[in-house]
Amino acid sequence: MKQYFPAIVAVAGCLMTAGALAEEAAAPVNAQEIVNTVCAMCHGEDGNKMLTPETPKIGGQKGDYLAKSLHDYKSGDRKNPIMAAVAAPLSDEAIEALAEYFAAQKSELYTLK
Amino acid sequence: MLVLLLAAAGSVSAQGDAAAGKSKNAMCQGCHGIDGFRMAYPTVYSVPMLGGQSAAYIAAALKAYRSGDRINETMHAIAAGLTDQDIDDLAAYYSGDAK
């Protein structure tokens with residue numbers, strides 16, 4: 001259990017940052033800034049890092065799937081306390097920008113036939 | 001929050017048999033085995049690429065579909081027929097984990 005302590009600290013940081021970004025909702029979407037300050041702590045800047053074994057790789061994943069996932073976390077259709085808090089302040093425009101950003105990263109994912 | 005995170009982090013599946021998983025993936029291939037496949041119901045969006053994905057994540061996703069915590073009728077119907085061992089085997093196969 002001890003080995004997950006850094007993850008908990010990082011996630012707490014994610015949540016505080018997500019809250020801070022929510023106050024800037026009127027500003028234009030800067031996907032890179034959101035990535036650097038929120039997403040990267042768990043998923044890595046390119047979406048290929050896994051902070052915990054259950055953290056999915058998202059680098060190069062299908063963009064419309066990523067967008068749907070963020071919408072579902074925001075609505076509560078998909079349940080994960082960390083992602084719910086992260087997605088809550090995201091506008092539709094921010095979700096689209098983030099989905100496009102991660103879909104465009106190099107991918108370790110592939111279609112297994 | 002912390003309790004939930006620790007519970008999630010602790011439920012790592014390491015018992016999957018990738019070879020067994022390959023023999024159980026017939027139901028997966030119709031969508032996840034086709035590059036660029038998009039599901040049409042309830043909304044149109046691409047199914048995710050699963051090859052190379054984290055085994056623990058895939059196992060957690062299948063269990064959430066099975067329980068209904070994650071909402072998708074197609075995946076719920078498919079996951080409903082999977083045992084924990086089936087899920088661990090499929091997770092090992094899709095992650096590329098050859099252990």
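The values are calculated or read from the model by the stated rules, or taken from the named source; none is laboratory data. Keep in mind that this is a model prediction, so the values were computed, not measured. Glycine also receives a Cβ, built like all others from the backbone with ideal geometry; neighbour counts cover every protein chain displayed.
Filter region B:50-99 down to the residues that are within 23 Å of A:GLY76 (Cα to Cα) and among the basic types (Lys, Arg), then identify the one that is nearest to the chain's Cα centre (by Cα).
Among those residues, the one meeting the criterion is B:LYS63.
Collect the residues in region A:57-67 that are crowded, with 22+ Cβ neighbours inside 10 Å and either hydroxyl-bearing (Ser, Thr, Tyr) or within 12 Å of the chain's Cα centre (by Cα) (or both), keeping them in residue-number order.
Hits for region A:57-67 are A:LYS57, A:ILE58, A:LEU66.
Of the conditions (1) in a loop (DSSP other than H, G, I, E, B); (2) within 10 Å of another protein chain (Cβ to nearest Cβ); (3) over 21 Å from A:ASN30 (Cβ atoms), A:ILE58 clears all except one; give me its number.
In the conditions (1) in a loop (DSSP other than H, G, I, E, B); (2) within 10 Å of another protein chain (Cβ to nearest Cβ); (3) over 21 Å from A:ASN30 (Cβ atoms), A:ILE58 misses (3) alone.
Do we have A:ALA103 as more than 11 Å from every other protein chain (Cβ to nearest Cβ), in contact with a helix residue (DSSP H, G or I) (Cβ under 8 Å, 6 or more places away or on another chain) and farther than 21 Å from B:PRO42 by Cα here?
No; evaluated as a whole, the condition is false for this residue.
B:TYR65 versus (1) more than 7 Å from every other protein chain (Cβ to nearest Cβ); (2) surrounded by 20 or more Cβ atoms within 10 Å (Cβ to Cβ); (3) modelled with pLDDT of 95 or more; (4) within 15 Å of A:PRO56 (Cα to Cα): which is the lone unmet condition?
Against the list (1) more than 7 Å from every other protein chain (Cβ to nearest Cβ); (2) surrounded by 20 or more Cβ atoms within 10 Å (Cβ to Cβ); (3) modelled with pLDDT of 95 or more; (4) within 15 Å of A:PRO56 (Cα to Cα), B:TYR65 comes up short only on (4).
Output the number of the condition that A:THR37 fails; it satisfies all remaining conditions of (1) in contact with an Asp or Glu (Cβ under 6 Å, 6 or more places away or on another chain); (2) β-branched (Val, Ile, Thr); (3) modelled with pLDDT of 95 or more.
(1)
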